[in-house]
Every structure is written in C-alpha cells, then in structure tokens.
Amino acid sequence: YDSLLKTGQIKSSAFSNGNITGTRYEGRFNNDISGVAVVIKMRDRTLTMRTDADVFKEDFEKLLQTVQFNE
C-alpha cells in the first residue's frame, strides 16, 4: 500500500481491538474499490482483512472487534 499512501489515496493509522494490534488503511484502493483494510502480524504470517466498499464499513468495524487468535 506504499504507493497509495504516498499519493494520498489512502491513509494509515494504528489498529487495536484490545487484544490485537496492526495497521489500518482507509481510502480508495483503486478505481473500483474504496474501503478499509486492516493488516495484522500473526507469528510468522500476515493477516489482511478488507472490505471493498464503504457501504460495508459499519459491519466490518463490528467484525474487527470480535477477532481473536489462539496463542
């Protein structure tokens, strides 16, 4: 997402739901997709969760608060 950040198409911020931290990206990812993405480091992997339209943003926010990992 670096090039999108540099051009100002998306913005980044810290994400935390109390148990999990990551990076949140919000804005226009391309001509057809405008939404929210959250990137979370999981041990040796990276989890990306994303919504492809702003209309799903409220449901996506609720979903993000329920994410838990088994350690």
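The values are calculated or read from the model by the stated rules, or taken from the named source; none is laboratory data. Note that the structure is a prediction, hence the values are computed from the model and not measured. Because the Cβ atoms are built from the backbone with ideal geometry, glycine has one as well, and the counts that use them run over all protein chains shown. These accessible areas exclude ligands, DNA and RNA; they are computed on the full protein's heavy atoms, side chains included. Shrake-Rupley method; radii C 1.70, N 1.55, O 1.52, S 1.80 Å.
Take peptides 21-28, 3-10 and line them up by average Cβ neighbours within 10 Å, highest first, as a rough protection proxy.
21-28, 3-10
Using θ = phi - 60° and the Karplus form 6.51 cos²θ - 1.76 cosθ + 1.60, what ³J(HN,Hα) does each residue of region 25-31 get, whole Hz, x for Gly and Pro?
10, 9, x, 9, 7, 7, 4
Full-extension gain between Asp44 and Ser3, please, as 0.36 nm times their residue separation minus the C-alpha to C-alpha distance.
The span from Asp44 to Ser3 would gain 12.3 nm if fully extended.
Using the heavy atoms of the protein chains alone and a 1.4 angstrom probe, what is the accessible area of the chain per residue in square angstrom?
Dividing the accessible area of the chain by its residue count gives 72 Å².
On the protein heavy atoms, probe 1.4 angstrom, tell me the percent of accessible surface of the chain carried by carbon and sulfur.
It is 46 percent, rounded to a whole number.
Can you classify the chain as rounded, prolate or oblate using the Cα gyration tensor, where a ≥ b ≥ c are the square roots of its eigenvalues, rounded means a/c under 1.5, and otherwise it's prolate if a/b beats b/c and oblate if not?
oblate
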